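These notes concern the structure reproduced below.
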Amino acid sequence: MTSKAPILVIEDDEDDQLFIQEALTSLAIVNPVVFFTNGVAAIEYLMASVEAPLVILCDVNMPAMNGLELRKLIDLNEYLKPKCIPFVFLTTAADLGLVNMAYKMTIQGYFKKERTFSGLQEQLRSILDYWDKCLHPNSRFS
């Protein structure tokens, strides 16, 4: 990967956090990975951070502030919205109502979390390769 920006993973399930971390490690991802268990902790980090993350990978169902609430808050925040942070749902919650609601909020992807290690590796590789290569306002143009 060319970008060294952090990858934010917002996931309340510790087993899923470990599963994602192991998959990222096996892919030799050099970006720092920062985990949060809910949207409140993530928004505090984003508000305090100068650097925009490469991407946010977010669960939908979490305590304190769920993924949909977090996305809405980012879109309404005058400091965070201009950062144009790619926001991707990576979740086990997959039904048409949630998917429709999420895409009305200008997310950049909605993925049902793969349950096999190889499936999760391929899913993460695809998402991260795309955002590493995609030009967007946070890209470094040369």
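Each reported figure results from applying straightforward, stated rules to the coordinates on display, with no laboratory input. Every value quoted in this text rests on a predicted model; they were computed, and no experiment measured them. So basically every Cβ, Gly included, is an ideal-geometry build from the backbone, and we count neighbours across all protein chains shown.
Okay, here's what the table says:
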read-out: Other-chain or far-sequence residues with amide H under 5 Å of CYS58's (modelled H); value: ILE10, VAL88, PHE89, LEU90
read-out: Under the Karplus curve 6.51 cos²θ - 1.76 cosθ + 1.60, θ = phi - 60°, whole-Hz ³J(HN,Hα) for region 53-61, x wherever Gly or Pro sits; value: x, 4, 6, 10, 9, 10, 6, 8, 8
read-out: Sites matching trypsin sites (Lys or Arg not before Pro) across region 1-95 that sit in DSSP coil, with at most 14 neighbouring C-beta atoms within 10 Å; value: LYS4
read-out: Amide H contacts of VAL33 (H built 1.01 Å from N, under 5 Å, at least 5 apart or other chain); value: ILE7
read-out: Loop sites in region 1-89: chymotrypsin sites (Phe, Trp or Tyr not before Pro), DSSP, at most 14 other Cβ within 10 Å; value: TYR79
read-out: Tensor-based shape of the chain (alpha-carbon gyration tensor, a/c under 1.5 rounded, otherwise prolate or oblate); value: rounded
